[in-house]
Amino acid sequence: MSLSVSSLDVFDTIDMQEYCSINEIFLGNLFVKTHSNSILQQGGNDNLPFIERTLLKNDAYALIYKEELRRLLSIHCDNINTTVFNVSDVTISLHAFGGLRTRQWTTDSVIDSFSSLLQQKLNLSASSQKSNQAFIFNTFLYVSLMSNNNRSCFDYSRVMRYNKDVDLTKNELLLFPIHMGEQLQHWTLVAVYLQKKELYYIDSLDLHSYGKNVSVNILKFLYGWYQQHKTVKEFDLASWKMFDRAIISPKQFNTDDCGIYVMMYMDCLCNGVSIGWIDHENLLNNYRNYIACCLLSEEIID
């Protein structure tokens, strides 16, 4: 059954029996916990250029960030919520930019702006056929999908017009940075390899019990997208597998770095680099400085 693009109520046209079966199937035994998978092992020696460009220039990155933050504070010290610059139409406040300091929480605007820079680089690489295509969703997709503050209420009709001009099937990798809501105040990532029909829940705090529901909601979103733009037959629900990476993905050592981990996970996966080397708190502090410099330069720094 196809879904009318003009329909405001997706549930008027979706076969609800089949739609709800996603919950029944994937909240069961197909949520795989395996310790061997390419998502942790890919890259090999190819990781080195990525590590070098991200970390070895840290002293310079740290100095640039420190000086720019000091300058902005001297100008806007009376209003930390003022917008200090824009990155790809995403506004960055002084508060958000200051959140890249050690032991500070990361805001959605920083994640979305960094994601947009990654996407720009991906688009350039894809146009020159240097890499496979990938698409990174805005953090507001999941918030809207779950009816804003009610994270237990899935509502596809709220996101029917999101990224309407993007053909997801042309992308090999889809990335969903996800905020778990006000109660948890935690960032996680879902990575979807569309052609392989594999979905990975990646979590730096090992919140495995939440991973199942988040993964199922993303799968339901994809099902709804296929209903709207393609056909359910193309989606082929029975062939999908979900993998729980929360147990073995690199872990944060505090309560502050989850957003930084999500950005580093995305950076690694978009570059075909293993996420398995992210294993030390100092790396995350260095990466905070790197992100700040990328935002200031409005590009992913190589």
TODO: Could you grab the pairs with beta carbons closer than 9 Å, sequence gap of 6+ or different chains, first residue in segment 224-235 and over 13 Å from L168 (Cβ atoms), second one surrounded by 17 or more Cβ atoms within 10 Å (Cβ to Cβ) and aromatic (F, W, Y)?
DONE: V232/Y223; V232/Y226; K233/Y226
Open item on the list: I'm checking my understanding of the structure. Among residues of segment 64-100 that are assigned to a loop (DSSP other than H, G, I, E, B) and touching a His at 6+ places or on another chain (Cβ under 9 Å), which one is surrounded by the fewest Cβ atoms within 10 Å (Cβ to Cβ)?
Closed with: N81
Open item on the list: Against the condition at negative phi and among the acidic types (D, E), how does D167 come out, does it pass?
Closed with: yes
Task: Scope segment 183-209; condition buried (at least 19 other Cβ atoms within 10 Å of the Cβ), of a type in the set (A, V, I, L, M, F, W, C) and out of contact with any strand residue (DSSP E or B) (no Cβ under 7 Å at 6 or more places or on another chain); matching residues - done: L205
Task: Which listed residue is under 28 Å from G99 (Cα atoms) and either surrounded by fewer than 18 Cβ atoms within 10 Å (Cβ to Cβ) or not hydrophobic (A, V, I, L, M, F, W, C) (or both), from N213, N254 - done: N254
Task: Matching residues in segment 193-217 - criterion: being polar (S, T, N, Q) and either over 20 Å from G181 (Cβ atoms) or out of contact with any Cys (no Cβ under 7 Å at 6 or more places or on another chain) (or both) - done: Q195, S209, N213, S215, N217
Task: Flag for F50 being surrounded by 14 or more Cβ atoms within 10 Å (Cβ to Cβ), at pLDDT 95 or above and assigned to a helix (DSSP H, G or I) - done: no
- [ ] Output the residues belonging to segment 241-271 that are among the aromatic types (F, W, Y) and at pLDDT 90 or above.
- [x] Y261, Y265
- [ ] Considering each residue of segment 225-242, count those that are in contact with a strand residue (DSSP E or B) (Cβ under 9 Å, 6 or more places away or on another chain) and either in a helix (DSSP H, G or I) or closer than 22 Å to L184 by Cα (or both), and give that number.
- [x] 0
Task: Filter result for the condition that a residue is of a type outside the set (S, T, N, Q), surrounded by 14 or more Cβ atoms within 10 Å (Cβ to Cβ), closer than 18 Å to V262 by Cβ and more than 15 Å from the chain's Cα centre (by Cα), over M160, M146, M180, M242 - done: M146
- [ ] Count, please, the residues in segment 261-302 that happen to be part of a loop (DSSP other than H, G, I, E, B), under 20 Å from I178 (Cα atoms) and over 16 Å from the mean Cα position of the chain (by Cα).
- [x] 1
Task: Single residue of segment 121-144 satisfying the filter (under 27 Å from R158 (Cβ atoms) and not hydrophobic (A, V, I, L, M, F, W, C)) that is modelled with the lowest pLDDT - done: Q133
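The values are calculated or read from the model by the stated rules, or taken from the named source; none is laboratory data. It should be emphasised that the depicted structure is a prediction, and the values quoted were computed from it without experimental measurement. All Cβ positions, even for glycine, are placed from backbone atoms using ideal geometry, and neighbour counts span all protein chains on display.
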